[in-house]
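Notes follow the structure.
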Amino acid sequence: MQSKPSGMAIRSHLGHLLLAIMRRRGRATASLVAAGLCLLLGAPSALAEVIGGDQLALPGRQVNLGPGAQPLPEIWADEWILADATTGAVLAAKNSHAQRPPASTLKTLTAVTLLPRLPLDQEYEATWKDSRATGARVGLITGKSYRVEDLFYGLFLRSGNDAAEALARANGGIQLTVTQMNEMARQLQALDTVAKTPSGLDRPGQRSSAYDLALFARAGLQIPAFAEFARTKVHDFPSSGGGTYPIYNQNRLLMRGYKGAIGVKTGFTTDAGRTFVGAATRRGITLIFVGMGIRDWSADAAAQALTWGFKNHDKVTPIGVLVDPISTEPSVAADPAASAADLAQVRAISDEQLATAGLVVPSVVGEPSIGLIILLGLLVMATVIVGERSRRRRRAAR
């Protein structure tokens, strides 16, 4: 099977193409082509395949009702998704790839990233910065030693930002942890997500989507410790003097006894509004609901969606799928013919010749789709035709 051209290869071809156009038609024509390419390549979502299925990119509520299926209930949230945690089938959704601040639901990504890296029995001494974390806190005391396991309980139950920062520092630092979180997001194919904090506190540029948060929840529920933390209602947290005090889960879906509820995470900030990741298991089926921009009680919105999902699970055709993680092994199809000399040549074209010519080749995001290649071809053909007509008019004028 012939592999698709890589982003680097496409960029190289575009660089050579622009230089050729400049030599034959002038810098102005080449700059016009470059601008068109920037517009095309700057909107990959319109041209590339949508992660999870094309129907997930359609606006508004999406569901494929079959015979006997009940209509979707009104779910008061700007974006949401309902999916089967086992099969990955997406039963229904609304604007599930729309990007917005995730608030504390981003802690699901923090946990998925750090649980494989931090032994639960590891001890960590809380710092002054931990104890002064902004927002919700579980109550870490400067200089007190905590087990990583207790910090995770503080992360899940009380949504403690102090616990999130402490776990990040136990892992080697906040910046390192954020870098690893973004690497984990890419591995899970959560391409709508950019993490800037381990806590989910609002930061410029930090974003996620209902779809991505469902990916994090699905991956997390496959980790026994994650599943345990998510479904725990109360935990005795260490206090000063060797004592403990109870901390309670803020997930009302779980605490109010919704049948089969197993977590997962609540969230709220000024920029994000109410966000929520909920999950429940009935009759061997586990469903995940994620809501963002919720304009109702989060637990009520989740309960409506989950109840409908359990009743209609086998009566709808999935509108998409929660994709599986990508392999961490090097891809054999990742342009194996590209040698160091090839890459050096591409860099030389991009950084020297094109800069001298005043041209910029846009970076290619992901693999080019057939639609993108067709559009590029049409753009080049149109440019050549316009240039040829202009040349003929000049000849006629003489």
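The values are calculated or read from the model by the stated rules, or taken from the named source; none is laboratory data. Predicted model only: the values in this text are computed from it and were never measured. Every residue, glycine among them, receives a Cβ derived from its backbone with ideal geometry; neighbour counts consider all protein chains shown. The accessibility values were calculated without ligands, DNA or RNA, using every heavy atom of the protein model including side chains. Shrake-Rupley method; radii C 1.70, N 1.55, O 1.52, S 1.80 Å.
Observations on the model:
- Val194 being among the hydrophobic types (A, V, I, L, M, F, W, C), surrounded by fewer than 22 Cβ atoms within 10 Å (Cβ to Cβ) and under 18 Å from the mean Cα position of the chain (by Cα): yes
- Of the residues contained in the range 282-295, none is found to be touching a residue at least 24 places away in the same chain (Cβ under 8 Å), over 15 Å from Asp84 (Cα atoms) and of a type in the set (Ser, Thr, Tyr).
- Cβ pairs under 7 Å, 6+ apart, first in the range 61-89 and more than 24 Å from Ala299 (Cβ to Cβ) and of a type in the set (Phe, Trp, Tyr), second open to solvent by 20 Å² or more (accessible area, probe 1.4 Å) and in a strand (DSSP E or B): none
- Residue selected from the range 240-254 under the condition polar (S, T, N, Q) and buried (at least 20 other Cβ atoms within 10 Å of the Cβ), by the criterion nearest to Arg137 (Cα to Cα): Asn249
- Within the range 106-126, residues that are at pLDDT 95 or above sit with their Cβ atoms under 6 Å from residues that are assigned to a helix (DSSP H, G or I) and of a type in the set (D, E, K, R), at 6+ positions apart or across chains, in these pairs: Leu120/Glu149.
- Taken together, the residues in the range 99-123 that are of a type outside the set (Asp, Glu), over 15 Å from Arg274 (Cβ atoms) and not in a helix (DSSP H, G or I) amount to 8.
- Selection count, the range 152-169, where residues are among the acidic types (Asp, Glu) and either open to solvent by 10 Å² or more (accessible area, probe 1.4 Å) or in contact with a Phe, Trp or Tyr (Cβ under 7 Å, 6 or more places away or on another chain) (or both): 1
- Unmet requirement for Val138, which otherwise passes all of (1) open to solvent by 10 Å² or more (accessible area, probe 1.4 Å); (2) farther than 24 Å from Pro325 by Cα; (3) touching a residue at least 24 places away in the same chain (Cβ under 8 Å); (4) part of a loop (DSSP other than H, G, I, E, B): (1)
- From the list Phe276, Phe289, Phe226, Phe237, the one residue that fits, being out of contact with any strand residue (DSSP E or B) (no Cβ under 8 Å at 6 or more places or on another chain) and either buried (at least 16 other Cβ atoms within 10 Å of the Cβ) or in a loop (DSSP other than H, G, I, E, B) (or both), is Phe226.
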